[in-house]
Amino acid sequence: MFGRLSLTAIVLALASTQVTAAPVPNFVEPVTLIKNSQDYNRLRKRAMTADEFKALAAYCQARVSKYEADKKENQAELDRYNSKQHMPGNPKFRSLDDLLRTYIASDDKAIARWTLLTTQYADQAHKLEGAEAHQ
């Protein structure tokens, strides 16, 4: 009896925690959820409403976050690598230092590209919302 009562109390405590721990809404609440690049490309070709452009902007912002995390991880690995002494490498192969610098440069390009797209889609969504408000 006592074990069942404690289990009930735990379940009720967890349920109340989940209610209060609802996710904080993002600045862009997409109506259309984009799950992958195919969905993104499909919506990109036919987007006409403010909500669709908001969904595109949210997807692009998620890509920016992903590439920023990748860059941070690559930079940390590069810092760890450079903090140690290394034997001269084999000239046939690229050094880890060179490879990580290439990855970081690639991440920077991707961040710039997806940030630009985020801004363009968000601007288009705001324009459409403004046009809808004036009608």
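FYI, it's all coordinate maths here, none of it is from the lab. Note that the coordinates shown come from a computational prediction; the quantities given were computed from them, not determined experimentally. When we count neighbours, we look across all protein chains shown, and the Cβ atoms used for this are built from the backbone with ideal geometry, even at glycine.
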Filtered chymotrypsin sites (Phe, Trp or Tyr not before Pro), region 83-117: DSSP coil and at most 14 other beta carbons within 10 Å: Phe93
Plugging the Kirkwood radius over Cα pairs into Stokes-Einstein for region 27-134, at a temperature of 37 °C and a viscosity of 0.692 mPa s, what D comes out in µm²/s? 204 µm²/s
Can you pull out the trypsin sites (Lys or Arg not before Pro) in region 85-135 that DSSP calls coil and that have at most 14 other Cβ atoms within 10 Å? Lys92, Arg94
